[in-house]
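Here is the structure we will look at, set down as structure tokens.
The values are calculated or read from the model by the stated rules, or taken from the named source; none is laboratory data. These figures come from a predicted structure and were not determined experimentally. Every residue, glycine among them, receives a Cβ derived from its backbone with ideal geometry; neighbour counts consider all protein chains shown.
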Amino acid sequence: MYVNMDLYYYCENFSVTREMVRRTKEDAQETRTRILDTAEQVFRERGVGHTTLTQIATAAGVTRGAIYWHFANKAALLQAMNDRVHLPLEAMHQALADVALVDPLAKMRDSTLGVLAMVANDPRSRRVFDIFSFKCEFVGEMAEMLVRQQESRRHCLRDMQEGLRHAVAKGQVDPGTDIERTVIGLYALVDGLIRNWLLDPESFDLVRTGEGLVADFCLGLRPRA
């Protein structure tokens with residue numbers, strides 16, 4: 001049987017090249033993850049303003065070039081670190097806007113408690129919330145991060161408002177409820193709980209306390225006789 005050796009060697013070389021590309025991508029992703037993990041630790045220990053990319057590179061065991069290959073500056077690194085936590089949280093709140101929800105009030109309660117549970121039980125979420133709450137000044141190159149935080153908050157409030165409107169439509173919430181004010185109150189309740197708990201995690205159980213307070217909050221929204 002005739003074998004086209006040129007084609008054979010081409011296929012062999014193509015397979016080797018594809019494997020090299022795959023390994024290169026995996027190595028690059030591993031390096032990026034190590035940088036982000038290290039940045040969380042260093043930012044939390046030193047504060048964002050007192051940390052340089054060189055310090056992060058040294059702690060991560062990579063070169064400054066590796067840092068800049070993945071992140072244009074400290075703000076980009078901080079945003080990527082924040083995205084790893086906020087994307088799951090955003091998914092929780094986006095679910096509130098689903099018009100097909102059978103029990104939108106319960107979904108709002110469960111989504112809110114899910115945020116508290118994530119902060120309490122997931123070390124990465126806890127570190128990132130701590131950094132953004134107490135270890136970061138939104139000035140200079142970090143000013144862009146404040147804008148993104150504000151935008152994320154607006155999206156969250158919008159989704160919560162949609163969920164509450166669905167609850168009103170289903171008779172779960174009093175029709176005279178001020179939607180905007182109520183959502184701001186619930187957001188402030190959760191945000192305040194997290195910040196107070198981060199200051200002293202031993203002072204109270206974040207999830208258990210949150211369950212009681214959120215339940216009381218939702219109970220006050222029920223239709224009045």
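Here are some notes:
- In region 172-225, the residue that is farthest from L157 (Cα to Cα) out of those that are touching a Lys or Arg at 6+ places or on another chain (Cβ under 9 Å) and outside any helix (DSSP H, G or I) is P201.
- Within region 58-73, if we keep just the residues that are of a type outside the set (F, W, Y) and in a helix (DSSP H, G or I), the residue that is surrounded by the most Cβ atoms within 10 Å (Cβ to Cβ) turns out to be I67.
- Check on D159, assigned by TED's automatic domain parsing to the domain that holds A120, charged (D, E, K, R) and farther than 28 Å from R44 by Cα: yes
Residues checked against (1) touching a residue at least 40 places away in the same chain (Cβ under 8 Å); (2) surrounded by fewer than 16 Cβ atoms within 10 Å (Cβ to Cβ); (3) out of contact with any Pro (no Cβ under 6 Å at 6 or more places or on another chain):
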{"position": "A143", "(1), (2), (3)": "no, yes, yes"}
{"position": "L146", "(1), (2), (3)": "no, yes, yes"}
{"position": "R154", "(1), (2), (3)": "no, yes, yes"}
{"position": "E162", "(1), (2), (3)": "yes, no, yes"}
{"position": "H166", "(1), (2), (3)": "yes, no, no"}
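- Among the residues of this structure, S125 counts as one that is closer than 30 Å to F71 by Cα and either of a type in the set (S, T, N, Q) or modelled with pLDDT of 90 or more (or both).
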